[in-house]
Each structure stands twice: as structure tokens, then as C-alpha cells.
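Undergrad: Have a look at this one.
Where a number appears in this text, it was derived from the coordinates with a stated rule and is not lab data. Predicted model only: the values in this text are computed from it and were never measured. For neighbour counting, all protein chains shown are included, and Cβ atoms are generated from backbone atoms with ideal geometry for every residue, glycine included.
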Amino acid sequence: MESAETALGAAHLVEAKQLDVVAGVPRITLRFLVEETDYETGAGQAVQAAVNMRHAVERVATVGPLRVLRRRRNRWERL
């Protein structure tokens, strides 16, 4: 969790963090802000930040699929 938060927090404001265990598998969830420009630029920045975070976590743990979601009009959309 610390590696994920540090990597993401280096470039973005981390608003919330959560560690869950689902079916015996740990899952890290981080909510962070990306400076808003246009939709595509913001989405690209969010995905790149998540990829950077994943690389940091891979150094200390085995990782599963990466999911990046964005809130739009009270709904979460997958990027």
C-alpha cells in the first residue's frame, strides 16, 4: 500500500486509499485527482499515473489486473 500511495502521490493528490481482501486476494484501491484539462488528456494522465503506480507495486508484490475508473456524472466509467 505504501509503495502505491508514494508512487501515485508523487504527481497527484491521493484523496482516499483502501486495502481489501477479496476471496483471499489483497486489493489496493486509491482515489486520486488529475488536473482537469480536456477529457482525453485527463484520462491519459490518469492511466499513466496508474501504470506508474503498478510498476512501483510490482517491485514489492505480485500484481493482478489494473483497473482505472473515472467519475463522470455520478457514475464510474472504466478508462
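Undergrad: List the relative contact order of the chain as a percent without decimals, with contacts defined as Cα pairs under 8 Å and 6+ residues apart. All intermediate terms of the calculation are to be shown ahead of the outcome.
TA: Numbers: 86 pairs, mean separation 21.1, N = 79.
The normalised contact order for the chain reaches 27 percent.
Undergrad: Rank Asn74, Thr29, Thr6 by how far each Cα sits towards the positive end of the charge dipole of the chain (+1 on Lys, Arg Cβ; -1 on Asp, Glu Cβ) and give me just the farthest.
TA: Highest projection toward the positive end goes to Asn74.
Undergrad: Using the C-alpha gyration tensor of region 18-79, what are the square roots of 5 times its eigenvalues, in whole angstrom, with the largest one first? Intermediate values should be presented prior to the final figure.
TA: Working: eigenvalues 110, 44, 14 Å².
Ellipsoid half-lengths, sorted descending, are 23, 15, 8 Å.
Undergrad: While we're looking at this one, here's another question. When the dipole is taken about the Cα centre of the chain, and only Lys, Arg (+1) and Asp, Glu (-1) are charged at their Cβ, what size is it in debye, to the nearest 20?
TA: Taking the Cα centre of the chain as origin, the dipole is about 360 debye.
Undergrad: If you don't mind, there's one more thing I want to ask. Using a 10 Å cut-off around each Cβ, can you sort Met53, Met1 from fewest to most neighbouring Cβ atoms?
TA: On the way: Met53 27, Met1 15.
Final ranking by Cβ density, sparse to dense: Met1, Met53.
Undergrad: Skipping prolines and chain starts, which residues have an amide H placed within reach, meaning under 5 Å, of the one on Val68, given they are 5 or more residues away or on another chain?
TA: Leu79
Undergrad: Something else about it: Starting at the first residue of region 14-29, write each ³J(HN,Hα) from the Karplus equation 6.51 cos²θ - 1.76 cosθ + 1.60 with θ = phi - 60°, in whole Hz, x for Gly and Pro.
TA: 8, 8, 8, 9, 8, 10, 10, 10, 10, 6, x, 10, x, 9, 9, 10
Undergrad: Give me the distance in nm between label points sitting 7 Å out from Cα along the Cα-to-Cβ direction at Arg70 and Thr41, one decimal.
TA: 1.2
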